[in-house]
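Structure, as structure tokens:
The values are calculated or read from the model by the stated rules, or taken from the named source; none is laboratory data. Since the model is a prediction, treat every value here as computed from it, not as a measurement. All Cβ positions, glycine included, derive from the backbone under ideal geometry; neighbour counts span all protein chains shown.
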Amino acid sequence: MKKSEKEKGKEKKATESKQQYKLIGIIAVVAVIIICVAAYLFVFNPPLSVAVGDTINVTYTGMFDNKTVFDTNVNSSPLTFTVGSGQLIHGFDAAVVGMKLNEEKTVSIPYMQAYGAYNPDLVGIVPLSQFPANQTLTPGEKLYERSQDGSIAIVTVVNVTNAGVAI
């Protein structure tokens, strides 16, 4: 009993259709699994970004345009602050908004969003006798002084001469 060519063709078509349906089924199952995994990750592990009011920890390096580092907390404790609270300069506050966990970012903060323009009228000379004899002062160094009301004044050493320290 030989099958006719017509019957062989029908069986071949049926086999090919079954294989196509199997392939479509496998693709559909894989697609559903991918969609479910993506939905699960989004719902239970949403992509977080920094918003005003968040308290965050930041490791930073501050440098001038010529790449001279003026402040950093690398290899020490992260800076912890509440975004938008006014604890830091406006430009830094604004720069972290929208960042994600462990994201690195390089920003250039204009002086008007930092400490303002350099004002030579604010430079004063403090006699060397006002500093401990063993203290070595260098230009660019930050000095911190606590006032009687508990606030802290931060000044920068501009120059050191026999006449005194320009801050």
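Six or more apart or on different chains, Cβ atoms under 7 Å: show the pairs whose first residue is in region 68-96 and of a type in the set (Phe, Trp, Tyr) and whose second is part of a loop (DSSP other than H, G, I, E, B).
Phe70/Phe64; Phe70/Gly140; Phe81/Gln87; Phe81/Leu88; Phe92/Ile109
What is the one condition in (1) under 30 Å from Ala51 (Cα atoms); (2) charged (D, E, K, R); (3) exposed (fewer than 13 other Cβ atoms within 10 Å of the Cβ) that Arg146 does not satisfy?
Single failed check for Arg146: (1).
Please work out which residue is farthest from Phe64 (Cα to Cα), limiting yourself to region 109-129 and to residues that are among the polar types (S, T, N, Q) and free of Cβ contacts under 8 Å to residues at least 12 places away in the same chain. Talk me through it step by step, then tell me what you get.
Kept after step one, since they are among the polar types (S, T, N, Q), are these residues of region 109-129: 113, 119, 129.
When the remaining residues are screened for being free of Cβ contacts under 8 Å to residues at least 12 places away in the same chain, the result is 119, 129.
Details: Asn119: 17, Ser129: 31 Å.
Ranking the candidates gives Ser129 first.
Mind telling me which of the residues Ile154, Ile109 ends up being under 29 Å from the mean Cα position of the chain (by Cα) and either of a type in the set (Gly, Ala, Ser) or at pLDDT 90 or above (or both)?
Numbers: Ile154 fails: either of a type in the set (Gly, Ala, Ser) or at pLDDT 90 or above (or both).
Answer to the check: Ile109.
So is Glu145 of a type in the set (D, E, K, R) and part of a loop (DSSP other than H, G, I, E, B) or not? Steps first, answer last, please.
Details: of a type in the set (D, E, K, R): yes; part of a loop (DSSP other than H, G, I, E, B): no.
Spelling it out, it is not the case that Glu145 is of a type in the set (D, E, K, R) and part of a loop (DSSP other than H, G, I, E, B).
Of the conditions (1) within 23 Å of Gly62 (Cα to Cα); (2) surrounded by 15 or more Cβ atoms within 10 Å (Cβ to Cβ), Thr138 fails just one. Which one is it?
Thr138 satisfies all of (1) within 23 Å of Gly62 (Cα to Cα); (2) surrounded by 15 or more Cβ atoms within 10 Å (Cβ to Cβ) except (2).
If you scan region 72-117, which residues turn out to be within 23 Å of Ser151 (Cβ to Cβ), of a type in the set (Val, Ile, Thr) and touching a helix residue (DSSP H, G or I) at 6+ places or on another chain (Cβ under 7 Å)?
Val83, Ile89
Given the criterion surrounded by 10 or more Cβ atoms within 10 Å (Cβ to Cβ), modelled with pLDDT under 95 and not β-branched (Val, Ile, Thr), identify the matching residue among Ala117, Ala133, Ala166.
Details: Ala117 fails: surrounded by 10 or more Cβ atoms within 10 Å (Cβ to Cβ); Ala133 fails: surrounded by 10 or more Cβ atoms within 10 Å (Cβ to Cβ).
None of the others qualify; the one that does is Ala166.
Scan region 56-82 residue by residue and report those that are aliphatic (A, V, I, L, M) and either more than 22 Å from Val97 (Cα to Cα) or within 13 Å of the chain's Cα centre (by Cα) (or both). Walk me through it before giving the result.
Kept after step one, since they are aliphatic (A, V, I, L, M), are these residues of region 56-82: 56, 58, 63, 69, 74, 79.
Answer for region 56-82, where residues must be aliphatic (A, V, I, L, M) and either more than 22 Å from Val97 (Cα to Cα) or within 13 Å of the chain's Cα centre (by Cα) (or both): Ile56, Val58, Val69, Leu79.
Give region 77-98 a look and list any residue that's among the aromatic types (Phe, Trp, Tyr) and either in contact with a strand residue (DSSP E or B) (Cβ under 8 Å, 6 or more places away or on another chain) or not assigned by TED's automatic domain parsing to the domain that holds Asn57 (or both), or say none. Spell out the reasoning first.
As a first pass, look at region 77-98 and keep what is among the aromatic types (Phe, Trp, Tyr): 81, 92.
Scanning region 77-98 gives a single hit, Phe81.
Scanning for something outside any loop (DSSP other than H, G, I, E, B) and either among the hydroxyl-bearing types (Ser, Thr, Tyr) or exposed (fewer than 14 other Cβ atoms within 10 Å of the Cβ) (or both), does region 74-88 turn up at least one residue? Can you show your working first?
Residues of region 74-88 outside any loop (DSSP other than H, G, I, E, B): 79-82.
When the remaining residues are screened for being either among the hydroxyl-bearing types (Ser, Thr, Tyr) or exposed (fewer than 14 other Cβ atoms within 10 Å of the Cβ) (or both), the result is 80, 82.
Yes; the residues of region 74-88 include at least one that is outside any loop (DSSP other than H, G, I, E, B) and either among the hydroxyl-bearing types (Ser, Thr, Tyr) or exposed (fewer than 14 other Cβ atoms within 10 Å of the Cβ) (or both).
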